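What follows is a short report on a single structure.
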Amino acid sequence: MEEVFKALADKQRIQLLDSLNANNGQTLSALCENATMSRQAITRHLSVLERANLVVTVWVGREKFHYINPIPIQQVYDRWLKNFDSKHLETLLQLKENLESKNNKL
């Protein structure tokens with residue numbers, strides 16, 4: 001899971017994932033069309049995303065297509081984020097406010 005967090009910590013890799021999320025199954029050339037970074041930079045970022053299993057590739061003839069893999073993101077959600085749904089956060093906020101108001105009265 002550490003590799004996933006490292007991969008998601010970069011703004012440009014997030015942009016690549018956003019591009020794949022909007023239009024899954026793109027070649028390197030297609031990803032380069034609307035990108036502000038060089039082809040070499042995109043290749044390096046895709047390599048990091050592949051090592052983190054956030055992107056999988058499929059060769060069709062001579063073309064390599066990149067697909068977003070949502071499973072690692074779901075695993076991050078299941079382990080870390082789902083515990084912070086709005087109901088739990090609302091309860092924690094109410095507890096915080098109650099404790100602060102009691103401290104102010106002391």
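The values are calculated or read from the model by the stated rules, or taken from the named source; none is laboratory data. Values in this document were obtained by computation on a predicted structure and should not be read as measured data. Cβ coordinates were reconstructed from backbone atoms using ideal geometry, including for glycine residues, and neighbour counts include every protein chain displayed.
Some notes on this structure:
- Residue check, Glu3 surrounded by fewer than 12 Cβ atoms within 10 Å (Cβ to Cβ) and touching a helix residue (DSSP H, G or I) at 6+ places or on another chain (Cβ under 9 Å): no
- Annotation: of all residues in the range 60-106 being at pLDDT 85 or above and of a type in the set (A, V, I, L, M, F, W, C), the one that is surrounded by the most Cβ atoms within 10 Å (Cβ to Cβ) is Ile68.
- Exactly one residue out of Ser29, Ser38, Ser19 is among the hydroxyl-bearing types (Ser, Thr, Tyr) and under 13 Å from the mean Cα position of the chain (by Cα): that is Ser19.
- The single residue among Arg39, Arg13, Arg51, Arg44 that is modelled with pLDDT of 95 or more, basic (Lys, Arg) and in contact with an Asp or Glu (Cβ under 8 Å, 6 or more places away or on another chain) turns out to be Arg51.
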